[in-house]
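Written out below as structure tokens is the structure these notes cover.
Bear in mind that the values in this text are calculations on the coordinates, not laboratory data. Since the structure is predicted, the reported quantities are computational estimates derived from the model, not experimental observations. Using ideal geometry, Cβ is built from the backbone for each residue, glycine included, and neighbour counts are taken over all protein chains shown.
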Amino acid sequence: MCGTGGTACLFLCAPNPNPGAGKPRASQPKVENKDLDKIIKELHLRDSEKGGFGDGRTATALTQEFNTGNEVKTGKGYHIERASSKLSGLASLLEKDRVAREKGNAILSDSDLKIARQESADLYNALNSVDVTGKMTSMVNNNEALKRTLTKNRDTVFKASSLSDLTGATFTRDKYSGRPVPDGAPTRVKGFYKTFGIAGGLATVGQAPGYIREYGVKDGLTEMLKDSIDPLGAHHLLDPPAPQVA
């Protein structure tokens with residue numbers, strides 16, 4: 001297991017890719033929606049703020065913390081709770097926009113929607129990082145209040161059909177309300193979400209339909225086998241990088 005050292009750690013504890021690590025401080029995207037703007041401001045360090053890491057984004061800082069176990073100093077503590085809360089906020093906003101669009105009255109402009117989805121993808125990827133040192137998982141497991149918060153936020157994300165392309169969750173329409181209702185476990189979950197247990201740990205036979213819908217029969221069963229024998233999600237290091245949200 002990561003954090004224990006030794007030869008076994010050489011593969012499982014390889015650092016997570018962190019594209020923003022070597023970049024200069026990123027500018028905050030300009031958006032029209034006030035709720036989205038508020039979230040964006042919490043995810044990007046301002047030029048006047050000290051500390052941070054790489055491009056100054058929360059997703060970059062959190063990935064670095066998973067890689068090193070050390071807090072990226074911004075004066076606000078570790079970034080895991082902020083990343084989780086802001087992703088939950090984005091999920092709720094995207095769900096409101098989805099419902100409004102179905103009624104012909106979008107909340108987000110097309111450009112705002114693209115930015116919200118990209119920020120969501122970056123946060124989700126960071127939260128699915130492998131905990132290289134094990135310190136982050138230990139910190140969460142020793143803080144019941146934080147664990148409850150992360151679990152609540154995770155549930156909001158997994159119930160958002162607008163983020164199903166990220167989570168791998170599947171939905172059907174309730175025949176009475178017409179609302180999308182989850183009908184399968186998310187299949188795109190790895191790293192931290194599995195090691196500290198929020199996503200249910202090992203893949204089970206009951207999850208097979210979700211994997212098959214996501215990947216097809218052959219590839220779905222292969223992915224399920226990977227997740228069953230590799231709950232840390234280290235096999236993702238052999239996979240090609242996840243595509244950026246269009």
Of the residues 60, 88, 45, the Cα lying farthest along the dipole of the range 1-133 towards its positive end, which is defined by charges on the beta carbon of Lys, Arg, Asp and Glu, belongs to 45
Just flag the trypsin sites (Lys or Arg not before Pro) in the range 132-176 sitting in loop per DSSP whose Cβ has no more than 15 other Cβ atoms within 10 Å. 175
Modelled label reach - residue 152, point 7 Å along Cα→Cβ, the range 88-115 residues with backbone N closer than 16 Å: 88-92
Could you rank the peptides 20-26, 180-186 by their average count of other C-beta atoms within 10 Å per residue, with the highest value first? 180-186, 20-26
Partners for residue 30 among lysines (Cα-Cα distance below 25 Å; same-chain residues under 8 apart left out): 38, 41, 50, 76, 86, 96, 114
Neighbour-limited loop hits for chymotrypsin sites (Phe, Trp or Tyr not before Pro), the range 143-189 (at most 11 other Cβ within 10 Å; DSSP other than H, G, I, E, B): 176
Show the residues, 5+ positions off or on another chain, whose built amide H is closer than 5 Å to the amide H of residue 170. 183, 184
Where labels lie 7 Å past Cα in the beta-carbon direction, separation of residue 68 and residue 27 in nm: 2.8
Note: the range 9-183 at 25 °C, 0.890 mPa s; Kirkwood Rh on alpha carbon pairs; Stokes-Einstein D in µm²/s works out to 143
Through the Karplus equation 6.51 cos²θ - 1.76 cosθ + 1.60, θ set to phi - 60°, convert the phi angles of the range 27-38 into ³J(HN,Hα) values in whole Hz; use x for Gly and Pro. 7, 6, x, 8, 10, 8, 6, 5, 5, 5, 4, 5
